[in-house]
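A short write-up of the structure that comes next.
The values are calculated or read from the model by the stated rules, or taken from the named source; none is laboratory data. Predicted model only: the values in this text are computed from it and were never measured. Cβ placement follows ideal geometry from the backbone for every residue including glycine, while neighbour counts extend to all protein chains displayed.
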């Protein structure tokens, strides 16, 4: 508890220090003023990545490239129109009503309409850009199998035996199967805020509401001290290569995409304009894949810095308790 308090105070102090160094750019500032005060460099000279960003434009893009596209990274106009139509159909299907009295479910079970963010703008054929065919490399013979979700859909009659049967996202621990899934869009909350100070970068993710603190220095990572020190966000260290922030992360507690504890992630954040960041992440895990692979996403500035809002998830953890109670009713 003491360590948690110290960590919270450190993050708060960082936020105060950052706000003191930056020009006033509140939500009520006129767009013209924000444009005129934006700079490619922070007051202390680092490339400026600060702001509120979203990857929701990549919603609907598959991780791996469908075979018919070969090595082609982007859709034609006709193919992009088809993608937008598919997303529209999905949205309409998810608007299906649930008759509470009869228990009848029409269509898919999905978040209520005003939660969803299906604002697809990407023409990518896949998020994976390397290997060139957009497919994950072959898995090694010693790779452990990708864990299947054993339960969780009560509509399909799949009650869970214990809280551990639910995924990390359902339990409100971390988005998806572990970092870097927080960078990838789901059906909502694909938003984040980046803050910088001299020697530190902080990224707060709206979904599940995690914050990463990334030192910009060469101090030892925990993996060089102990393999047992692991967290859901991993141990990150960053450095600048020109105008690109390069972040290496190891010591991940949760493995994503069926990876092993040996997974090493290298992220690259390159600001390509006032309203855009090119994001790339390379997965290296020789225990799991025969070669490294890289995924890419476009990060777009949120209009008028709309805000990164609280994601309370299971308030008081009542949601998980109720799901387990319902599972026991199914058993009976």
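Assorted remarks:
- When the range 293-306 is limited to residues that are modelled with pLDDT of 80 or more and within 14 Å of residue 194 (Cβ to Cβ), the one that is surrounded by the most Cβ atoms within 10 Å (Cβ to Cβ) turns out to be 299.
- Of the residues making up the range 50-69, those that are assigned to a loop (DSSP other than H, G, I, E, B) and surrounded by 12 or more Cβ atoms within 10 Å (Cβ to Cβ) are 50, 55, 59, 60, 61, 62, 63, 64, 65.
- Candidate set from the range 226-263 (those that are part of a loop (DSSP other than H, G, I, E, B) and in contact with a helix residue (DSSP H, G or I) (Cβ under 7 Å, 6 or more places away or on another chain)); member that is farthest from residue 175 (Cα to Cα): 229
- Residues in the range 187-203 that are out of contact with any helix residue (DSSP H, G or I) (no Cβ under 7 Å at 6 or more places or on another chain) and surrounded by 18 or more Cβ atoms within 10 Å (Cβ to Cβ): 189, 191, 192, 193, 194, 201, 203.
- Filtering 183, 233 for residues that are crowded, with 18+ Cβ neighbours inside 10 Å, touching a residue at least 60 places away in the same chain (Cβ under 8 Å), in contact with a strand residue (DSSP E or B) (Cβ under 9 Å, 6 or more places away or on another chain) and within 25 Å of residue 289 (Cβ to Cβ) leaves a single hit, 183.
- Scanning the range 272-284 for residues that are over 17 Å from the mean Cα position of the chain (by Cα) and either within 17 Å of residue 73 (Cβ to Cβ) or at pLDDT 95 or above (or both) yields 272, 284.
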